[in-house]
Amino acid sequence: MRILVLGSTGYLGGHIAERLHALPGVRLLRGGRAPSDDLRVDLAAMTPAALAEQLTRAEPDAVVNCVGAVGGSALTLAEVNSRGPAALCEALRAAAPAARLVHLGSAAEYGPTGIGERTAEDSSARPVAPYGATKLAGTLAVLGAELDALVLRVTNPVGPGAPRAGLPGRLTAELGRAVSRTPHGGVQVGDLSAYRDFVDVRDVAHAVALALARPGRLPRLLNIGSGRAVPVRDLVHGLVDAAGFTGRVEESLGKVGRSVAVPWQCADIGAAERELGWTPTHSLRDSVTELWAVDGAPRTRPGGADDGSPRLAPAAGDPR
């Protein structure tokens, strides 16, 4: 089976590519802008015809789209998160119409929900920020395509390799610097009162593998999360414990931002359990412990100097 992973050098894409590469009978192809990629692909810039030409050469049986932007201008978000999936679907229809497409969406597409509710796939989507809105546009492009395609709408991923664009990665970097300076100092964080559904990045990779292996038609949209909402404060204190940091965690209360607009997020993952036979296997403690073990060890220059990275104050609430 020839599987093309687009965005395999990214956070989710890297874990997914690693998982798929280990499966027997899989020929893994990597697509992106890195010189080492098998296919040079830029979904934000290439025409559907140019994409189709590359797909014709690759002859994939399946495609996993992990390409996404979590920050930048509204234009950048739209080009990557909205235009990219639409162009990919058009190219697949021309070059590989029988290939299965698994596209990674985001729970940020849902927007506000009731406190205590689990959000099902048929819930209204009302994103509150450009990231969620552009991801929703990409999801709609995939759902409307005449392809064997499905969207895995992922909640807040946590685990080794977390990027600094999100809270887990930023806080891990800041704790690493704080521990190297003094374990009794302090780190500043934003408002941690929001509740989020955190899912381990390795569980996301497992869900993708199951979605590719499952025969027959699948539902067009499936939630991938833990099915539990916990305070963002739990993630922060879990990382602090894993780091052995004994200093102060100074929290500032937010007045604006997604933490205020979306105080609660929890996915209903029943459909993924029924349709894929998938359940998350890693706890939040597992995720933050592994994140710290892989990424959190203090890095210093010879002579004990700090690594020179800019100081980062983790923003609150939403790691994406």
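The values are calculated or read from the model by the stated rules, or taken from the named source; none is laboratory data. Since the model is a prediction, treat every value here as computed from it, not as a measurement. With ideal geometry, Cβ positions are generated from the backbone for all residues, glycine too; neighbour counts draw on all protein chains shown.
All but one of (1) in a loop (DSSP other than H, G, I, E, B); (2) in contact with a Phe, Trp or Tyr (Cβ under 8 Å, 6 or more places away or on another chain); (3) among the hydrophobic types (A, V, I, L, M, F, W, C) hold for residue 45; state the number of the condition that does not hold.
Result: residue 45 fails condition (2) only.
Answer yes if at least one residue in the range 155-167 is assigned to a helix (DSSP H, G or I) and in contact (Cβ under 8 Å) with a residue 24 or more places away in the chain, and no otherwise.
Within the range 155-167 (the criterion being assigned to a helix (DSSP H, G or I) and in contact (Cβ under 8 Å) with a residue 24 or more places away in the chain), the answer is yes, since at least one residue qualifies.
Which residue out of 71, 111 is on the phi > 0 side of the Ramachandran plot and in a loop (DSSP other than H, G, I, E, B)?
Matching residue, one of 71, 111: 111.
Could you tell me which of the residues 78, 34, 95 is modelled with pLDDT under 95, under 24 Å from residue 4 (Cα atoms), among the small types (Gly, Ala, Ser) and touching a Ser or Thr at 6+ places or on another chain (Cβ under 6 Å)?
It is 34.
Specify which of the listed residues (177, 170, 126) is basic (Lys, Arg), more than 30 Å from residue 61 (Cα to Cα) and assigned to a loop (DSSP other than H, G, I, E, B).
Going through 177, 170, 126 in turn, just one is basic (Lys, Arg), more than 30 Å from residue 61 (Cα to Cα) and assigned to a loop (DSSP other than H, G, I, E, B): 126.
Counting only residues that are charged (D, E, K, R) and buried (at least 17 other Cβ atoms within 10 Å of the Cβ), which one in the range 1-36 is farthest from residue 66 (Cα to Cα)?
This residue is 19.
Residue-by-condition table, conditions (1) assigned to a loop (DSSP other than H, G, I, E, B); (2) among the hydrophobic types (A, V, I, L, M, F, W, C); (3) closer than 18 Å to residue 147 by Cβ:
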| residue | (1), (2), (3) |
| --- | --- |
| 5 | no, yes, yes |
| 12 | no, yes, no |
| 17 | no, yes, no |
| 20 | no, yes, no |
| 25 | yes, no, no |
| 28 | no, yes, no |
| 37 | yes, no, no |
| 50 | no, yes, no |
| 55 | no, yes, yes |
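Output yes when any residue across the range 155-170 is in contact with a helix residue (DSSP H, G or I) (Cβ under 8 Å, 6 or more places away or on another chain), of a type in the set (Gly, Ala, Ser) and more than 30 Å from residue 241 (Cβ to Cβ), and no when none is.
No; the residues of the range 155-170 include none that is in contact with a helix residue (DSSP H, G or I) (Cβ under 8 Å, 6 or more places away or on another chain), of a type in the set (Gly, Ala, Ser) and more than 30 Å from residue 241 (Cβ to Cβ).
I need the full set of residues from the range 121-144 which are of a type in the set (Val, Ile, Thr) and surrounded by 21 or more Cβ atoms within 10 Å (Cβ to Cβ), in order please.
Passing the criteria: 134, 139, 142.
When residues of the range 180-194 are filtered for being part of a loop (DSSP other than H, G, I, E, B) and either within 30 Å of residue 6 (Cβ to Cβ) or not charged (D, E, K, R) (or both), how many remain?
Residues flagged as part of a loop (DSSP other than H, G, I, E, B) and either within 30 Å of residue 6 (Cβ to Cβ) or not charged (D, E, K, R) (or both) within the range 180-194 amount to 8.
Any idea which residue in the range 75-108 is surrounded by the most Cβ atoms within 10 Å (Cβ to Cβ), counting only those that are touching a residue at least 60 places away in the same chain (Cβ under 8 Å) and part of a helix (DSSP H, G or I)?
By that ranking, first place goes to 88.
For the range 195-252, which residues satisfy the criterion of being surrounded by fewer than 19 Cβ atoms within 10 Å (Cβ to Cβ), without any contact (Cβ under 8 Å) to a residue 60 or more places away in the chain and assigned to a loop (DSSP other than H, G, I, E, B)?
Answer for the range 195-252, where residues must be surrounded by fewer than 19 Cβ atoms within 10 Å (Cβ to Cβ), without any contact (Cβ under 8 Å) to a residue 60 or more places away in the chain and assigned to a loop (DSSP other than H, G, I, E, B): 215, 216, 228.
Within the range 257-293, work out how many residues are at pLDDT below 95 and in a helix (DSSP H, G or I).
Result for the range 257-293: 4.
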